[in-house]
1. So how many residues does the range 154-192 have that are touching a residue at least 24 places away in the same chain (Cβ under 8 Å) and not in a loop (DSSP other than H, G, I, E, B)?
2. Is it fair to say residue 137 is buried (at least 18 other Cβ atoms within 10 Å of the Cβ) and assigned by TED's automatic domain parsing to the domain that holds residue 205?
3. Out of curiosity, is residue 79 surrounded by 15 or more Cβ atoms within 10 Å (Cβ to Cβ), touching a helix residue (DSSP H, G or I) at 6+ places or on another chain (Cβ under 6 Å) and at pLDDT 95 or above?
4. Would you be able to tell me the number of residues in the range 1-50 that are touching a residue at least 60 places away in the same chain (Cβ under 8 Å), within 14 Å of residue 70 (Cβ to Cβ) and out of contact with any strand residue (DSSP E or B) (no Cβ under 8 Å at 6 or more places or on another chain)?
5. Quick check on the range 354-376: of everything there that is outside any strand (DSSP E or B) and buried (at least 23 other Cβ atoms within 10 Å of the Cβ), which residue is modelled with the lowest pLDDT?
6. Sort through 420, 412 and tell me the only one that's crowded, with 16+ Cβ neighbours inside 10 Å and not assigned by TED's automatic domain parsing to the domain that holds residue 305.
7. Check 358, 327 and return the single one that is assigned by TED's automatic domain parsing to the domain that holds residue 305, more than 31 Å from the chain's Cα centre (by Cα) and closer than 30 Å to residue 270 by Cβ.
8. Can you tell me which residue is modelled with the lowest pLDDT among those in the range 342-353 that are buried (at least 22 other Cβ atoms within 10 Å of the Cβ) and over 16 Å from residue 419 (Cβ atoms)?
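The values are calculated or read from the model by the stated rules, or taken from the named source; none is laboratory data. In this text, all values refer to a predicted model and were calculated from it rather than measured experimentally. Don't worry about glycine lacking a Cβ; one is built from the backbone with ideal geometry, like all the others, and counts go over all protein chains shown.
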């Protein structure tokens, strides 16, 4: 056997790396989840086992039927293999069966703890299996060690990392989200991972690394972020995908920023040579050199929808080589270079506001440029001709609070000017 695909894991600031940290509801109505507590439910120092059996025994004992499905961490012992094991059956108060054999020989003086949450992700990153969920309770996980979630997760059995506040499966915002404070460390993830409601910050500056690094994987995979924040406290990338990674990135309701935007590597999402699409929806990119940088990826696609790119020192979106980009209902404000820059064709740019883009609002041989507004830009559109029939405008967008609140004032000339579905016959 092995750890079950329905296992859930708990990470909490009051936990311990000696705890079991995981639970599988093996016997509904009987199994009790002891991972949602700081202390273990049972700690033993006298486990005995053998290389021929999944059974472990303890003279002290204390095993209950409710412990079935909980994960036991064996951290030391003669001939014991250190690791996480699920209790799959209770034989007595002094004996249980585990999901696999824990010993390489005659096991004795085994040290174990059952139940209780882990204190960070660095021990369970190589243990979780496809289908698992890792819950992270709100708190500050300072100087969190480097982790690498590299399992063979699939689209049907992804790994989910879920930050929560108070109760699991909630959707906290702002400071109520857990903060993974990485310092100079890196959070590595494979494809087919969903990360929700987590804030990341750190200072890693090693070339080719990032706060969160999407590692190379085989097959077409997906990395999904929702309600996350990425704050780089030094010059460095927000998210990076490796050449020749084959990942599709989706970010919804996420924020990307840097405390030192002057560096050339200060990038929100950096997708180099991938050839796979990036989709951002309702995201906020600010105080960066680039919001999105997708280069060297012929025929890669980019979808930027209902997002904000502000206070950018080079380009809001740099999509060199990207074919078929879709940029719709976005705000590009206070950008030193171009709001949107791509050498690729087949691009659609509709319903966007470009203001105070020093070089240009759009620098692209775009195919469709319709119902956009340009204000205070050096050149509205480099590479094309803005025609009256395309319904583009040139007025002050009148943001509620430029620099922080990009909603439109009621007197804005952009209200009711967006292109929408209408009868065309």
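1. Matching residues across the range 154-192 total 14.
2. Numbers: buried (at least 18 other Cβ atoms within 10 Å of the Cβ): yes; assigned by TED's automatic domain parsing to the domain that holds residue 205: yes.
Considered against the rule, which asks whether it is buried (at least 18 other Cβ atoms within 10 Å of the Cβ) and assigned by TED's automatic domain parsing to the domain that holds residue 205, residue 137 comes out as yes.
3. Working: surrounded by 15 or more Cβ atoms within 10 Å (Cβ to Cβ): yes; touching a helix residue (DSSP H, G or I) at 6+ places or on another chain (Cβ under 6 Å): no; at pLDDT 95 or above: yes.
Spelling it out, it is not the case that residue 79 is surrounded by 15 or more Cβ atoms within 10 Å (Cβ to Cβ), touching a helix residue (DSSP H, G or I) at 6+ places or on another chain (Cβ under 6 Å) and at pLDDT 95 or above.
4. Summing the residues that are touching a residue at least 60 places away in the same chain (Cβ under 8 Å), within 14 Å of residue 70 (Cβ to Cβ) and out of contact with any strand residue (DSSP E or B) (no Cβ under 8 Å at 6 or more places or on another chain) in the range 1-50 gives 3.
5. Of the residues in the range 354-376, the ones outside any strand (DSSP E or B) are 358-359, 364-367, 371-372, 376.
Among the residues that remain, those that are also buried (at least 23 other Cβ atoms within 10 Å of the Cβ) are: 364, 372.
Working: 364: 91, 372: 96.
Ranking the candidates gives 364 first.
6. Values: 420 fails: crowded, with 16+ Cβ neighbours inside 10 Å.
412 is the lone residue from the list that is crowded, with 16+ Cβ neighbours inside 10 Å and not assigned by TED's automatic domain parsing to the domain that holds residue 305.
7. Values: 327 fails: more than 31 Å from the chain's Cα centre (by Cα).
On inspection, the qualifying residue turns out to be 358.
8. Taking the range 342-353 first, the residues buried (at least 22 other Cβ atoms within 10 Å of the Cβ) are 342, 344, 347, 349, 352-353.
Filter once more, keeping what is over 16 Å from residue 419 (Cβ atoms): 342, 344.
On the way: 342: 89, 344: 75.
Among them, the one singled out is 344.
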